[in-house]
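The values are calculated or read from the model by the stated rules, or taken from the named source; none is laboratory data. None of these values were measured; they are calculated from a predicted model. Please note: Cβ atoms are built from the backbone with ideal geometry, for glycine as well, and neighbour counts cover all protein chains shown.
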Amino acid sequence: MLSASPKKDGNTATLVNWFAGGARSKGAEVEIVNTAFLKYKSTGCVSCRTCQRIEEYVCAINDEAKPVLARMPAADVIVMATPLYFFGPSAQLKLIFDRMFSLYKWDNAANTMKSPLKGKTFVLIASAYEDKGLDALEKPFAITADYTGMKFDSLIIPNAGVSGDVKEKAGVREKAIAFGKKIGGS
């Protein structure tokens, strides 16, 4: 799970913890990486394309994101959790999302693409202060899953309020735990 909020006890962290508890209750092994606190050497993919010239599925940038990306192919499920920031994911998630480029190999001449992510489940957990923009946030994740051949699912929480308010929203905790059980049991 990639949790991408700079707030350690905000709505995103709360949803992640509820979801993880549900998944663990079904026997899933869950690792939570808080992408806001990784040390980066770049502000995302720098389009060096080194990853396209080597056989391994690995990012050439040597920082704390590199091992996170390297572990993704071994996971059955990849979960990304973010608050809605200006109708998109937080920058803390976008840094990793863009560097997932290293997990794909394109042969433009043959019009083919290979990825060790094919067949996995890709999950988005997102919340927003109000009910606007979550459809725009969800779209790039759903398109990425479809393009890659991954199954896609999402837990979208509108009207979560300001940081921490989601804890007081009726039914959200139960919904997040149930979603975690569903994903963790599949």
Are any of the residues in segment 77-86 under 16 Å from the mean Cα position of the chain (by Cα), in contact (Cβ under 8 Å) with a residue 12 or more places away in the chain and not in a strand (DSSP E or B)? yes
Residue check, K169 closer than 25 Å to A28 by Cβ, in contact (Cβ under 8 Å) with a residue 60 or more places away in the chain and of a type in the set (K, R): no
When segment 1-42 is examined, which residues are found to be over 13 Å from V68 (Cα atoms), hydroxyl-bearing (S, T, Y) and under 13 Å from the mean Cα position of the chain (by Cα)? S5, T12
Go through the residues of segment 3-10 one by one and say whether even a single one is modelled with pLDDT of 90 or more and outside any helix (DSSP H, G or I). yes
State whether the residues of segment 27-39 include one that is loosely packed, with under 15 Cβ neighbours inside 10 Å, out of contact with any His (no Cβ under 6 Å at 6 or more places or on another chain) and of a type in the set (V, I, T). yes
Would you be able to tell me the number of residues in segment 99-136 that are over 19 Å from S3 (Cα atoms) and basic (K, R)? 4
Going by what's in this entry, would G44 be described as part of a loop (DSSP other than H, G, I, E, B), at pLDDT below 95, closer than 26 Å to D135 by Cα and out of contact with any strand residue (DSSP E or B) (no Cβ under 8 Å at 6 or more places or on another chain)? yes
For the list (1) within 28 Å of C48 (Cα to Cα); (2) out of contact with any Phe, Trp or Tyr (no Cβ under 6 Å at 6 or more places or on another chain), I need the number of the one condition that A128 fails. (1)
May I ask you to list the residues in segment 165-181 that are part of a helix (DSSP H, G or I), aliphatic (A, V, I, L, M) and at pLDDT below 90? V166, V172
Mind checking which residues of segment 117-149 are farther than 14 Å from Y85 by Cα, touching a residue at least 60 places away in the same chain (Cβ under 8 Å) and of a type outside the set (S, T, Y)? V123, F141
Find all pairs meeting these conditions: Cβ atoms under 9 angstrom apart; at least six residues apart or on different chains; first residue within segment 33-44 and without any contact (Cβ under 8 Å) to a residue 60 or more places away in the chain; second residue in a loop (DSSP other than H, G, I, E, B) and small (G, A, S). N34/A4; N34/S5; A36/A4; A36/S5; A36/S90
